[in-house]
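Asker: Shown below is the structure under consideration.
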Amino acid sequence: MALYLFKRINVNLLLFNVCVHGRFHCVIYLQVFNAKTAELLSHHQVEIQQRFPKEGWVEQDPKEILKSVHECVERTCEKLQQLNIDITNIKAIGVSNQRETTVVWDKTTGEPLYNAIVDQLILFMFLVWLDLRTQSTVERLLKRIPGKNKSFFKFRTGLPLSTYFSAVKLRWLLDNVEEIRQAVDDGRAMFGTIDSWLIWSLTGGKNGGVHCTDVTNASRTMLFNIHSLEWDPELCQFFDIPVEILPKVRSSSEIYGLMKSGALTGVPISGCLGDQSAALVGQMCFQDGQAKNTYGTGCFLLCNTGQKSVFSQHGLLTTIAYKLGRDKPVCYALEGSVAIAGAVVRWLRDNLGIVKTAQEVEKLAAEAGTSYGCYFVPAFSGLYAPYWEPSARGIICGLTQFTNKKHIAFAALEAVCFQTREILDAMNKDCGIPLNQLQVDGGMTNNKVLMQLQSDILCIPVVKPSMPETTALGAAMAAGAAEGVGIWSLNPGDLTAVTCERFEPQINPEESEFRYARWKKAVMKSMGWETSEFGDLFCSHHLWTIPMI
């Protein structure tokens with residue numbers, strides 16, 4: 001059975017934010033914030049379609065995205081007027097987006113030259129199928145690298161060579177779409193991620209639109225040197241991509257240009273962040289060692305490593321966290337993913353049928369209060385960071401005659417927490433900064449049993465803000481703080497206090513360590529199950545490509 005996941009593109013006004021999230025349906029989602037209180041004032045959303053032209057391909061229409069953004073802007077402004085809020089009070093616009101979706105367009109006509117290639121397609125029986133049209137491109141490029149080392153460029157880019165990142169998608173487009181090749185030869189082509197396409201279009205398009213991106217989005221292309229903060233000539237040469245088609249790279253907080261049409265004509269677009277970086281900013285993780293975890297279908301963990309780029313020995317990515325101003329320093333982050341989080345709850349509902357709604361899992365787990373020695377390793381498609389073991393498969397072990405569905409529900413929630421701890425332990429080993437609390441956001445954080453378990457297993461507080469859309473808030477903060485806007489201070493002493501729910505550890509560290517050790521024992525038992533040619537092929541394609549929310 002296919003599990004259809006929800007895809008969003010957030011557009012945040014008053015900071016508005018365009019954020020590509022989720023995965024199967026796609027919604028333009030616009031929010032308006034009060035810059036003094038961070039209060040959400042209004043929002044609007046429009047659903048758009050995903051396109052599947054061939055098996056294993058997933059695309060979006062850039063024109064439909066842009067049209068939906070305009071519709072969201074107009075409808076939200078109407079809602080504000082109904083609330084007697086003067087839309088002239090909207091002082092800045094921030095953009096946040098899913099980082100690897102790739103667009104190429106014609107600067108003379110303003111028309112996209114091909115649909116946007118999206119990173120992730122669908123969770124089907126819990127195998128994470130990406131848009132794999134670029135796999136042959138990756139294999140061809142690997143032949144040109146000494147030892148076929150996927151991590152050959154990681155000290156420049158922080159990334160492994162993968163189907164996921166934009167350079168490979170762009171190379172595929174240049175190799176396979178004649179219209180794009182011709183536009184490049186004619187000097188008409190422009191490349192960008194969703195943020196670049198929207199900023200260019202909203203600031204005038206073919207009539208003087210600004211072709212730019214920010215450092216966080218640039219750092220996910222595999223063409224950007226995360227140390228020099230410039231497009232890398234050698235990387236562009238390796239991928240055979242002309243630097244002329246790339247956007248100018250700017251900081252995450254500065255005025256890029258003004259809106260040229262619609263209800264917000266003249267309002268500056270002044271914030272731009274990739275979605276996970278925006279969530280880090282929205283969680284106000286500005287100090288070295290502060291980390292956030294976004295709980296969705298999977299989990300995205302980012303740990304701020306400050307002005308020092310840390311290269312992981314445990315399979316984590318090094319990425320740019322933010323650069324909040326032209327003259328401000330760049331800050332880096334370590335990033336890791338938990339493959340299966342909310343997906344395990346859906347598995348209990350859709351595959352086992354032990355609950356009818358996701359909310360029932362919390363109720364069952366609360367009634368159990370323990371897993372009764374039961375451990376659930378949801379390695380449905382192998383183990384990812386920090387193990388990178390493609391042969392693993394999911395197991396439920398430690399069953400006795402007394403085990404029931406309540407214990408399994410508890411063990412499923414514990415599995416999310418154990419996986420998070422493993423990523424955070426890897427981060428600690430890589431950067432040497434112990435975590436003193438974890439900031440959390442995302443849909444699963446409404447599960448209080450899960451949040452308490454997470455605190456117990458980490459032996460540190462877990463802090464959940466009352467504002468659930470931290471990605472949107474982060475883009476808003478960056479936009480409002482930009483020079484020339486100046487309506488939102490990012491100085492720690494000036495930041496608006498955010499109401500939070502705090503979960504403190506309720507078990508002693510010895511019990512936590514005992515349960516964690518038993519989890520690791522269960523993980524070891526999950527390994528070595530898949531030995532087929534299919535399993536090897538699948539995992540070789542997906543080993544480094546596990547983006548999910």
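Asker: From Asn207, Asn217, grab the single residue that is more than 30 Å from Thr305 (Cα to Cα) and polar (S, T, N, Q).
Answerer: So the residue among Asn207, Asn217 that is more than 30 Å from Thr305 (Cα to Cα) and polar (S, T, N, Q) is Asn207.
Asker: Please verify whether region 417-426 includes one or more residues that are charged (D, E, K, R), over 21 Å from Gln290 (Cβ atoms) and touching a helix residue (DSSP H, G or I) at 6+ places or on another chain (Cβ under 9 Å).
Answerer: Scanning region 417-426 turns up no residue that is charged (D, E, K, R), over 21 Å from Gln290 (Cβ atoms) and touching a helix residue (DSSP H, G or I) at 6+ places or on another chain (Cβ under 9 Å).
Asker: Among (1) of a type outside the set (Phe, Trp, Tyr); (2) in a loop (DSSP other than H, G, I, E, B); (3) touching a Gly at 6+ places or on another chain (Cβ under 9 Å); (4) open to solvent by 10 Å² or more (accessible area, probe 1.4 Å), where does Gln401 come up short?
Answerer: (3)
Asker: Report the residue count in region 322-370 for those that are over 24 Å from the mean Cα position of the chain (by Cα), open to solvent by 10 Å² or more (accessible area, probe 1.4 Å) and small (Gly, Ala, Ser).
Answerer: So the answer is 4.
Asker: Here's something else I'd like to know. Consider Ser371 carefully, then state whether it is in a loop (DSSP other than H, G, I, E, B) and within 18 Å of Ile395 (Cα to Cα).
Answerer: yes
Asker: Taking Glu244, is it among the acidic types (Asp, Glu), touching a residue at least 24 places away in the same chain (Cβ under 8 Å), farther than 27 Å from Gly443 by Cα and open to solvent by 10 Å² or more (accessible area, probe 1.4 Å)?
Answerer: yes
Asker: On the given criteria, is Ala415 among the hydrophobic types (A, V, I, L, M, F, W, C), over 29 Å from Gln313 (Cβ atoms), open to solvent by less than 10 Å² (accessible area, probe 1.4 Å) and part of a helix (DSSP H, G or I)?
Answerer: no
Asker: Considering only helices (runs of 4 or more DSSP H) fully contained in region 74-181, which possess at least 3 residues that are of a type outside the set (Val, Ile, Thr), surrounded by fewer than 24 Cβ atoms within 10 Å (Cβ to Cβ) and modelled with pLDDT of 95 or more?
Answerer: Answer list for region 74-181: 166-176.
Asker: Let me ask something additional. List every residue pair whose Cβ atoms sit under 8 Å apart, with the two residues 6 or more apart in sequence or on different chains, where the first one lies in region 193-206 and is farther than 14 Å from Ala479 by Cβ and part of a helix (DSSP H, G or I) and the second, anywhere, is among the aromatic types (Phe, Trp, Tyr) and open to solvent by 10 Å² or more (accessible area, probe 1.4 Å).
Answerer: No pair meets every condition.
Asker: Separate question: Give the residue, chosen from Ser270, Ser228, that is among the polar types (S, T, N, Q) and open to solvent by less than 10 Å² (accessible area, probe 1.4 Å).
Answerer: The match here is Ser270.
Asker: Taking Asn304, is it out of contact with any strand residue (DSSP E or B) (no Cβ under 7 Å at 6 or more places or on another chain), among the polar types (S, T, N, Q) and closer than 13 Å to Tyr332 by Cα?
Answerer: no
Asker: Out of Leu399, Leu424, Leu383, report the one residue that is more than 27 Å from His314 (Cβ to Cβ) and touching a residue at least 24 places away in the same chain (Cβ under 8 Å).
Answerer: Only one candidate qualifies: Leu399.
Asker: Tell me which strands (runs of 3 or more DSSP E) are completely within region 258-336 and hold 2 or more residues being farther than 26 Å from Glu71 by Cα, or say none if there are none.
Answerer: So the answer is 291-295, 299-306, 317-322.
Asker: A follow-up question, please. Restricting the search to region 384-398, which residues are open to solvent by less than 30 Å² (accessible area, probe 1.4 Å) and closer than 9 Å to Ser526 by Cα?
Answerer: Ser391, Ala392, Ile395 - these are the residues of region 384-398 that are open to solvent by less than 30 Å² (accessible area, probe 1.4 Å) and closer than 9 Å to Ser526 by Cα.
Asker: Next up: Give the number of residues within region 38-69 that are open to solvent by 60 Å² or more (accessible area, probe 1.4 Å) and either under 18 Å from Ile199 (Cβ atoms) or at pLDDT 90 or above (or both).
Answerer: Of the residues in that region, 2 qualify.
Asker: Within region 500-533, work out how many residues are under 27 Å from the mean Cα position of the chain (by Cα) and β-branched (Val, Ile, Thr).
Answerer: Final tally of qualifying residues: 1.
Asker: Applying the selection to region 218-234, what residues are of a type in the set (Gly, Ala, Ser) and more than 17 Å from Tyr322 (Cα to Cα)?
Answerer: none
Asker: Among the numbered criteria (1) touching a strand residue (DSSP E or B) at 6+ places or on another chain (Cβ under 9 Å); (2) within 21 Å of Pro62 (Cβ to Cβ); (3) modelled with pLDDT of 90 or more; (4) open to solvent by 10 Å² or more (accessible area, probe 1.4 Å), which single criterion is violated by Thr203?
Answerer: Unmet for Thr203, out of (1) touching a strand residue (DSSP E or B) at 6+ places or on another chain (Cβ under 9 Å); (2) within 21 Å of Pro62 (Cβ to Cβ); (3) modelled with pLDDT of 90 or more; (4) open to solvent by 10 Å² or more (accessible area, probe 1.4 Å): (4).
The values are calculated or read from the model by the stated rules, or taken from the named source; none is laboratory data. Bear in mind that the values here come from a model prediction, so they are computed numbers and not experimental data. We place every Cβ from the backbone using ideal geometry, glycine too, and count neighbours over all the protein chains shown. Keep in mind that these areas ignore ligands, DNA and RNA; they rest on the heavy atoms of the full protein, side chains included. Shrake-Rupley method; radii C 1.70, N 1.55, O 1.52, S 1.80 Å.
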